[in-house]
Ligand code: SF4
């Protein structure tokens, strides 16, 4: 517990009089975005690739063309069991995923203004999956794109999860002289399949 | 409308031509200008150095001299800003409040109170505008590159009407020149470097004359230009608006 | 050493200053391009400001609410009054879990508490996993920027550092190769870590969850692999509700680097099965700062670094010249609250140009606070006798018109008549690189009087 009460007491006596909590008026930001267009543009800005697809079979087919050399693969798409080379049920510790080449996940929420996609415990049986994998593939329905973060949190308020992450593009860094390098500690690439 | 002219201390002593241009310009525009003889300094040099409490006398003297005018006009965004923003250290009498509300930087006054744009001036040179920070971000005499919104600039609006003026674009439109009052001395290395970079930006753009709403910035830049013998002149905006070349 | 001393040392190498200035200006420029495309950006900043101000005015209650919810989520919550307690709490947790190898993602708070040397003194290996932080860790330096910790290092220096410590091949500073090598090196560390420490960007009172933002994925690689996750947060990281993240995540990355959002915005709530999650809530001077009406808004800071990128002084003096955990404008208003004397030169390392306040996503009036700290510092810390006396004299002269006239006359006469060498000589810092104006014969006052007299006659 440490110095809990002492800290709280000090804050209580030092804080100013109660100020109002402002309301978020979303209409201030509305600009009638073409959601698919904006999302596609922002995915490119954050370094992801975007591909259209019409069915899960089509997606798997395309993936095998894009990543012909991947050996260790896992997908949570419906009817894609034959794609998987590993069984998460028998996984002892997340560290064993170190050699995972390809991960395919379905997501239910994406944000047009920044190209990010929500992935949570509900989609990923093991939290480290989308980070430790070499190449990440996310599958999304166009109808699940919202314009701004405000609407995203609106949706999330009904989707409880123990862990969740907005992912925008592959991992990256510019820590060496400000030159952008794609592929830091997380995934080296991000491909998004958009089902219209 | 009675207008009191405030000539900042360093202009009074070191750049009287700026004061002269200002009063001539205002008189040309048929403004009834008074110049109270007891004025000294707005108090800014002490206050910005952290000695606000030594500047009470200067503040009171300022108010005493200007309390009877409808407007107080000064060729310095910085001084106008100081009166508006920092005169809370003296008791807020009606007079003090009135003075604080009615003090204007010259361009602001001409454009927004007199509502005149074309001053009939002519000045056939390539001009680089230095947007002095206190005028820009303090008095909002123009939009600054940080803030999102409508683009505007009082000084440029006036310059656009001056015959022969060619406004040259800068690569960094509103970076500080590095003067900063005592900063120029206490942080000499950075101050000089900032000034040099600023001048280079103007040179790269083909500027012949740098102008600004504040002589203090210009004094700093001029000091560097003269020391390094660079092909540039500095003129206060009042001098350009009062020109007929 | 004072800021101006350290800055003038940095300025001995002008090429390097130019390089540093341009690198950061580039980031500021990216920020501009990004935010000028957001409709309602200024309203968003107002919201950011308003939510933080409200939060501070009810902070104790939000902290209690946060703690309650975090506990419900199965997270252990600890409180530290200061750096010492923070460090001790962490070592205790680590010892309890027999943790010897730690990976840590970016956290300015743990920098502030000097956690690394403390862990090392306790025989615990701690590896900073953010690439920039790893670079400065290997170089035995401190971060010079809160978002770009190694911005002061060029690629060749990183190349040499990696050759020495990671055994890489010489690569003429190829960032792609160097980053790839760092990835390999740090993957090993992630896989073998016994515990992960992360910072916290936002802690949500309503849910007891917290959000950590990174581009590299290092916080997640650490936290999701190690059996113990310790998240350290200052008390001011609280936000009331989850929906407020919508405001702050829109502001943060755009202000920091111009990205529309960081690559990963990770929302932690419950520990994963079979592992432990701890949160350490730290005061360390924050409640003190809260008591100062003029300075409490400094606690709004979301550590985006924009005020550093925009600051013309920071860009030309380097982060280390501030000699503080948090450099740049925000550091210059936070640090004096901790040690007025030690940091007494920082509020003067500014021209009060105001760019920092206009760029700040949560609208902290940084330059006004710099001005206010100056007023306090001159009263409460010893000032050079000369400075004090000259200010006093100036105050008297300016309060008295007739004295002003005489002094002005003398000054102008000197400028005109003394040789340049005298005017620009040593104690005069103005004249080292700049000429003084030529003193005119007549002041404006004199000209005006003459004109009045002519009019009359
Ligand atoms: S003070 Fe404002 S601009 Fe500076 S780091 Fe904090 S949030 Fe960003």
If each part is reduced to its alpha-carbon centroid, the range B:187-241 and the range C:145-202 end up apart, in Å, by 42
Likely footprinting exposure, B:94, B:54, fewest C-beta neighbours within 10 Å first: B:94, B:54
Could you put B:173, B:40 in order, starting from the residue whose Cβ has the fewest other Cβ atoms within 10 Å? B:173, B:40
Round to the nearest 0.05 the FRET efficiency obtained for residue C:121 and residue C:340 when R0 = 25 Å and r is the Cβ-Cβ distance. 0.30
Cα-projected label distance for residue C:166 with residue A:25, points at 7 Å along beta-carbon direction, nm: 5.0
For the range C:325-457, max minus min Cα coordinate along each principal axis, in Å, sorted largest first? 65, 36, 27
With N residues in the range C:78-212, Rg(alpha-carbon) / (2.2 N^0.38 Å) equals 1.13
Over the Cα atoms of chain A, each weighted equally, I'd like the Debye log10 I(q)/I(0) at q = 0.07, 0.08, 0.15, 0.16 Å⁻¹, rounded to two decimals. -0.27, -0.35, -0.95, -1.04
Report Rg (one decimal) and Dmax (nearest whole number) for the range B:142-245, counting Cα atoms only, units Å. 14.1, 41
Using only Cα atoms, find the angle between the long axis of helix C:83-96 and the longest principal axis of chain C, and express it within 0 to 90 degrees, rounded to the nearest 10. 10
Per the rule of 0.36 nm per residue minus the C-alpha distance, extending residue C:403 to residue C:26 adds in nm 130.8 nm
With just the Cα atoms defining each centre, how far is the range C:204-273 from the range A:157-196? Give it in Å. 14
Is the shape of chain B rounded, prolate or oblate, going by the alpha carbon gyration tensor and its root eigenvalues a ≥ b ≥ c, with a/c under 1.5 for rounded and a/b larger than b/c for prolate? oblate
Let's test this: bin the Cα-Cα distances of the protein assembly as shown at 10 Å from zero up to the farthest pair and state each bin's percent. 2, 12, 20, 23, 18, 12, 8, 4, 1, 0, 0
Among C:75, B:33, which comes first, second and so on when ranked by fewest other beta-carbon atoms within 10 Å? B:33, C:75
Largest first and rounded to whole Å, the semi-axes √(5λ) derived from the alpha carbon gyration tensor of the range C:234-358 read 29, 19, 14
Once label points are set 7 Å from the Cα along Cα→Cβ at both residue C:411 and residue B:89, what is their separation, rounded to one decimal in nm? 1.7
Semi-axes (Å, rounded, descending) of the ellipsoid equivalent to the range C:218-290 per its C-alpha gyration tensor are 23, 20, 12
Compute the angle between helix C:328-338 and the longest alpha-carbon principal axis of chain C, please, reported from 0 to 90 degrees and rounded to the nearest 10. 80
Binned at 10 Å from zero, the C-alpha pair distances of chain C give percents of 4, 18, 27, 24, 13, 7, 5, 2, 1, 0
Cα gyration tensor, the range C:167-263 - rounded (a/c under 1.5), prolate or oblate: oblate
Taking only C-alpha positions in the range B:2-113, Rg and Dmax in angstrom work out to 13.1, 40
Taking a ≥ b ≥ c as the square roots of the Cα gyration tensor eigenvalues, with a/c under 1.5 meaning rounded and otherwise prolate when a/b beats b/c or oblate if not, the range A:1-96 comes out oblate
Please give the helix C:366-380 orientation as an angle from the longest Cα principal axis of chain C, in degrees from 0 to 90, rounded to the nearest 10. 70
Beyond 20 Å, what share of the Cα-Cα pairs of the range C:248-322 is found? Please give it as a whole percent. 59
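FYI, it's all coordinate maths here, none of it is from the lab. If you're wondering where the values come from, they're calculated on a predicted model, not measured in any experiment. Glycine also receives a Cβ, built like all others from the backbone with ideal geometry; neighbour counts cover every protein chain displayed.
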